[in-house]
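The values are calculated or read from the model by the stated rules, or taken from the named source; none is laboratory data. Note that the structure is a prediction, hence the values are computed from the model and not measured. Please note: Cβ atoms are built from the backbone with ideal geometry, for glycine as well, and neighbour counts cover all protein chains shown. Quick note on the areas: whole protein, heavy atoms, side chains included, nothing else; ligands and nucleic acids left out. Shrake-Rupley method; radii C 1.70, N 1.55, O 1.52, S 1.80 Å.
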Amino acid sequence: RQRLRQLAAASAVAVLALTSALAVSERPAYLLADLRSPTGQWRTHTLADGSHITLGSGSAVNVHFNAGERHVELVQGDILVDVAKDAQRPFIVDSGQAAIRALGTRFTVRRDDDATILSMLESKVSAQVPQHPASIVQAGQRTRITEDGVGPITAIDAASVQEAWRAHQLVIDDQPLADVLDELARHRPGQLHYDRAQIAGIRVAAVLPLDDTDKALQLLIDNFPQLRIRMLTRYLVMVDAPASTPAKNK
């Protein structure tokens, strides 16, 4: 029986390795990017103009500077940008969905499959989607940008956002558990499996460490006893709620 368990674990790892290899082969843009950060790591770079850019877990950018502009292409993931002032060369972050233009400012940009999330921490930027008018986003504001244009502006606590970046934390305020697991999955290697429908009634308010997702999962277990988390291997984790009832934790 022990031998069978070992073979099962080895098979799971082999399948995971094959899946990871296929995923990598489908992401040449990430591998060829000028700057990138592996899953579970954050990296800060000083650009040629003195600007600072921090790449979140599993993120990548291309940097193109010339005499007329400073252009950063967000290939995937999320970034925190602290822009050095240069009145002669605007600083532009291109997420593929929107062009975010700044002169001297601090902000974060996240690129999802279907949207760009812009969070302003200092000063302001002009955000524009092709074929749509530009919108000004001020410090302490956040917006979700899609191909349909810049979405509604919502207020954020800029200091809390900056602290979360500094401490590598996920700050959650009454969000579905499935969304929380989505985010944790971005920050750990391997596969994190869960049934969204089964855990749909569970909502979370918490501060979780993104640089120690095992600890984050343990905190979820501590606060939601109906959850079951099985670590088949370090790289294959199953989450379910066999006796789940709608719940809310704060």
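Here are a few things to note about the model shown:
- Test: residue in the stretch 203-225 that is open to solvent by 20 Å² or more (accessible area, probe 1.4 Å), of a type in the set (S, T, N, Q), over 15 Å from Arg188 (Cβ atoms) and modelled with pLDDT of 90 or more: yes
- Test result for Arg101, touching a Pro at 6+ places or on another chain (Cβ under 6 Å) and either buried (at least 16 other Cβ atoms within 10 Å of the Cβ) or more than 29 Å from Ile221 (Cβ to Cβ) (or both): yes
- Selection of the stretch 193-202 for residues being open to solvent by less than 20 Å² (accessible area, probe 1.4 Å) and assigned to a strand (DSSP E or B) yields only Ile202.
- Some residue of the stretch 36-55 being among the hydrophobic types (A, V, I, L, M, F, W, C), without any contact (Cβ under 8 Å) to a residue 24 or more places away in the chain, under 30 Å from Gln131 (Cβ atoms) and touching a Leu at 6+ places or on another chain (Cβ under 8 Å): no
- For Arg228: the one exception among (1) under 22 Å from Arg166 (Cβ atoms); (2) in contact with a strand residue (DSSP E or B) (Cβ under 6 Å, 6 or more places away or on another chain); (3) surrounded by fewer than 19 Cβ atoms within 10 Å (Cβ to Cβ): (1)
- Test for Leu210: is it within 21 Å of Thr54 (Cβ to Cβ), touching a His at 6+ places or on another chain (Cβ under 7 Å) and hydrophobic (A, V, I, L, M, F, W, C): yes
- Residue list for the stretch 128-157, filter: under 11 Å from Gln97 (Cα atoms), within 19 Å of the chain's Cα centre (by Cα) and not β-branched (Val, Ile, Thr): Arg144
- Considering residues of the stretch 33-67 that are open to solvent by less than 40 Å² (accessible area, probe 1.4 Å) and hydroxyl-bearing (Ser, Thr, Tyr) only, the residue nearest to Gly77 (Cα to Cα): Ser59
- Selected residue (criterion: nearest to the chain's Cα centre (by Cα)) from residues of the stretch 81-98 that are in a strand (DSSP E or B) and buried (at least 23 other Cβ atoms within 10 Å of the Cβ): Val81
- Within the stretch 134-188, being part of a helix (DSSP H, G or I), within 23 Å of Asp240 (Cα to Cα) and open to solvent by less than 40 Å² (accessible area, probe 1.4 Å) holds for Leu177, Ala178, Val180, Leu181, Glu183, Leu184, Ala185.
- Within the stretch 231-244, the set of residues being more than 15 Å from Ala178 (Cα to Cα) and surrounded by 15 or more Cβ atoms within 10 Å (Cβ to Cβ) comprises Leu232, Tyr235, Leu236.
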